[in-house]
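Engineer: Before we start, here is the structure in question, set down as structure tokens.
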Amino acid sequence: MSGEPGTPAVRLWGGRFEAGPSEALARLSVSVQHDWRLARYDLLASRAHARVLHRAGLLDDGEAGRLLAAIEELSRDCQSGAFRPSAADEDVHTALERGLLERAGSLGGKLRAGRSRNDQIATDLRLYLRDQARQVAARIAELQAALMDQAERHLGGPEEAGGPATPAPGMTHLQHAQPVLLAHQLLAHAHAFARDIARLRDWDRRAAICPLGSGALAGSTLPLDPEAVAAELGFSAPASNSMDAVADRDFAAEFCFAAALAGVHLSRLGEEIVLWTSHEFGWAEIDDAYATGSSIMPQKKNADVAELARGKAGRLIGGLTGLLTMLKGLPLTYNRDLQEDKEPVFDAVDTLLLVLPAMAGLVASMRFHRERLARSAAAGHALATDVAEWLVRRGVAFREAHEAVGHLVVWCEVHDRELWEVSDDELGKISPHLTPEVRAVLSVTGALAARDTPNGTAPRRVAAQLAALREAVAADAEWAASG
Ligand code: ARG
């Protein structure tokens, strides 16, 4: 921001005041350092408003032409940096009015008719967020693509394409539970991100309501055309209640929630990557480009990207909490507290646009250790459920089967054996139902293939799940590129 001390301060509300604001008030009140990023949208709304004033006969042809030309010139100057807010500008609206007065003279003052900063700011923020929602969705789709590509790489195929699918130990309570495909687990994360985009798309429908034309709170005595303004700005409709239009920040809170939940998903993926790349798990290695070292321990290779993703979820949740807390006690309609809506939403956008590409790169470049994963998949007696369900298929009540396999597991633990290392003799002693045929289900490959429910971990099912998800992500990416 330029501090030009000589710039005469433009104020939008000076008329009824004899003295200027105190230094302390001015410093508290100023928001242009944050809301300047809305300038582009404020100018788009100004252009639409100028056209409406013209059609209403409040600007003649010549005035409308000159005003629109000045708005275009100001837009260009904002883009090039030739026009910048000064330290004396209270907010983005004040700065842009100054810019307009500098370019159009006193004609610039006509644009304020029929609108208020209250309906302007609500409009600007919606326009900005609708754009940013698409940016965020596009970056989420890229992360999903990275997860899906890794999944595909580990789905198996002919020998020359890498051999069989990569198994992994599926966990509950962070304990080995049942074998799964690594691809299945990677796609589980991609599904969470699919819901994040679905939430943004759903949010966008509710956010597509235009507050402009509501004035300060009660509508306008001037013959405005809110339908035309809404259409020009790409909204689906004007707001139906002018008081709600200037007081409502649901769209900001909902956006922050969608961002916070995406942040939670990034954090959970980050936590898994921290575990996977630890020595104890040893499932995967991070590419050098996405790892960091230690200033003292030369051997270290740390998962800082994943940790920052995990850490930044905290600020996203904090932003949402702060925003909701700010809103909860506000009487209708506009209150200056509402100015505090911007930092949390801007921070949510900035945070996600920072974290998502780093996580996409991290995931895309990670190398998984197939051998280690395969060995680990069967560990911890992870095939115990398969034995129990084998007994059920042979007519044993599950309750009894569960009991018998429990004894088998204890025997294995006492004797330090795997399930498949128990002799036929020993099996028979543990339970007469445990005949040697049980060995047929004591393999990870068999266990995976047997989980053949449509959402299950059988390779052919995971391949179908991947194909369906690819289609959904393509549709989401198309939405993200729209508008
Ligand atoms: N900077 C203000 C905000 O962000 C703009 C609206 C000001 N309205 C007012 N009545 N003071 O909310």
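Engineer: Which of the residues that make up the range 62-109 are touching a strand residue (DSSP E or B) at 6+ places or on another chain (Cβ under 9 Å) and of a type in the set (D, E, K, R)?
Structural biologist: Within the range 62-109, R84, R98 qualify.
Engineer: Just for the range 325-349: of the residues that are over 15 Å from A247 (Cβ atoms) and more than 10 Å from the ligand (Cβ to nearest atom), which one is surrounded by the most Cβ atoms within 10 Å (Cβ to Cβ)?
Structural biologist: That would be A348.
Engineer: Out of all the residues in the range 383-398, which are surrounded by 12 or more Cβ atoms within 10 Å (Cβ to Cβ), more than 44 Å from the chain's Cα centre (by Cα) and of a type in the set (G, A, S)?
Structural biologist: Once the filter is applied, which keeps residues that are surrounded by 12 or more Cβ atoms within 10 Å (Cβ to Cβ), more than 44 Å from the chain's Cα centre (by Cα) and of a type in the set (G, A, S), the range 383-398 yields nothing.
Engineer: If you go through the range 101-139, how many residues are away from the ligand (no atom under 16 Å from the Cβ) and closer than 23 Å to L354 by Cβ?
Structural biologist: The number of residues fulfilling the criteria is 10.
Engineer: Shifting gears a bit: How many residues, within the range 84-100, are in a loop (DSSP other than H, G, I, E, B) and away from the ligand (no atom under 16 Å from the Cβ)?
Structural biologist: Total meeting the criteria: 1.
Engineer: If you go through the range 355-365 one residue at a time, do you hit one that is over 30 Å from R130 (Cβ atoms) and touching a residue at least 60 places away in the same chain (Cβ under 8 Å)?
Structural biologist: Yes, because at least one residue in the range 355-365 is over 30 Å from R130 (Cβ atoms) and touching a residue at least 60 places away in the same chain (Cβ under 8 Å).
Engineer: Quick one: count up the residues across the range 91-110 that are under 25 Å from A239 (Cβ atoms), touching a helix residue (DSSP H, G or I) at 6+ places or on another chain (Cβ under 6 Å) and in contact (Cβ under 8 Å) with a residue 60 or more places away in the chain.
Structural biologist: Residues meeting the conditions: 3.
Engineer: Go through the range 409-438 and report how many residues are over 46 Å from the mean Cα position of the chain (by Cα) and buried (at least 16 other Cβ atoms within 10 Å of the Cβ).
Structural biologist: 8
Engineer: Suppose we keep only residues that are at pLDDT below 95 and outside any loop (DSSP other than H, G, I, E, B) within the range 154-174. Which one would you say is surrounded by the fewest Cβ atoms within 10 Å (Cβ to Cβ)?
Structural biologist: E160
Engineer: Would it be correct to say that A313 is buried (at least 21 other Cβ atoms within 10 Å of the Cβ), touching a Gly at 6+ places or on another chain (Cβ under 8 Å) and not in a helix (DSSP H, G or I)?
Structural biologist: The answer is no for A313.
Engineer: Taking the options A45, A50, name whichever one is at pLDDT 95 or above, within 16 Å of the ligand (Cβ to nearest atom) and assigned to a helix (DSSP H, G or I).
Structural biologist: Residue meeting the stated conditions: A45.
Engineer: May I ask you to list the residues in the range 282-301 that are without any contact (Cβ under 8 Å) to a residue 12 or more places away in the chain and within 24 Å of P169 (Cβ to Cβ)?
Structural biologist: Scanning the range 282-301 gives no hits.
Engineer: Quick one: E280 ticks every box in (1) acidic (D, E); (2) within 25 Å of the chain's Cα centre (by Cα); (3) loosely packed, with under 15 Cβ neighbours inside 10 Å except a single one, so which number is it?
Structural biologist: So E280 meets the others, but not (2).
Engineer: Just give me the residues in the range 27-42 being in a helix (DSSP H, G or I) and crowded, with 18+ Cβ neighbours inside 10 Å, in sequence order.
Structural biologist: Across the range 27-42, the qualifying residues are V32, D35, W36, L38, A39, Y41, D42.
Engineer: Using beta carbons and a limit of 6 Å, which pairs, at least six apart or on different chains, have the first residue in the range 177-191 and without any contact (Cβ under 8 Å) to a residue 12 or more places away in the chain and the second one among the polar types (S, T, N, Q) and in a strand (DSSP E or B)?
Structural biologist: Short answer, once both residue conditions are applied: none.
Engineer: Name the residues in the range 53-83 that are crowded, with 17+ Cβ neighbours inside 10 Å, under 38 Å from the mean Cα position of the chain (by Cα) and either part of a loop (DSSP other than H, G, I, E, B) or of a type in the set (G, A, S) (or both), would you?
Structural biologist: A70, S75, F83
Engineer: Can A245 be described as farther than 21 Å from R51 by Cα, crowded, with 22+ Cβ neighbours inside 10 Å and out of contact with any helix residue (DSSP H, G or I) (no Cβ under 6 Å at 6 or more places or on another chain)?
Structural biologist: Judged against the criteria, A245 is a match.
Engineer: Of the residues L217, L212, only one is within 18 Å of R130 (Cα to Cα), assigned to a loop (DSSP other than H, G, I, E, B) and within 16 Å of the ligand (Cβ to nearest atom); which?
Structural biologist: L212
Engineer: Out of curiosity, is I209 in contact (Cβ under 8 Å) with a residue 24 or more places away in the chain and surrounded by fewer than 23 Cβ atoms within 10 Å (Cβ to Cβ)?
Structural biologist: So I209 fits the description; yes.
Engineer: Here's something else I'd like to know. Scan (1) assigned to a helix (DSSP H, G or I); (2) touching a residue at least 60 places away in the same chain (Cβ under 8 Å) for the single condition S482 breaks and write down its number.
Structural biologist: (1)
Engineer: Can I ask one more? Could you grab me the full set of residues in the range 425-475 that are part of a helix (DSSP H, G or I) and acidic (D, E)?
Structural biologist: D425, E426, E437, E471
The values are calculated or read from the model by the stated rules, or taken from the named source; none is laboratory data. Just so we're clear, the structure is a prediction, and the values are computed from it rather than from any experiment. Quick reminder, even Gly has a Cβ in these numbers, built from the backbone with ideal geometry, and neighbours come from all protein chains shown.
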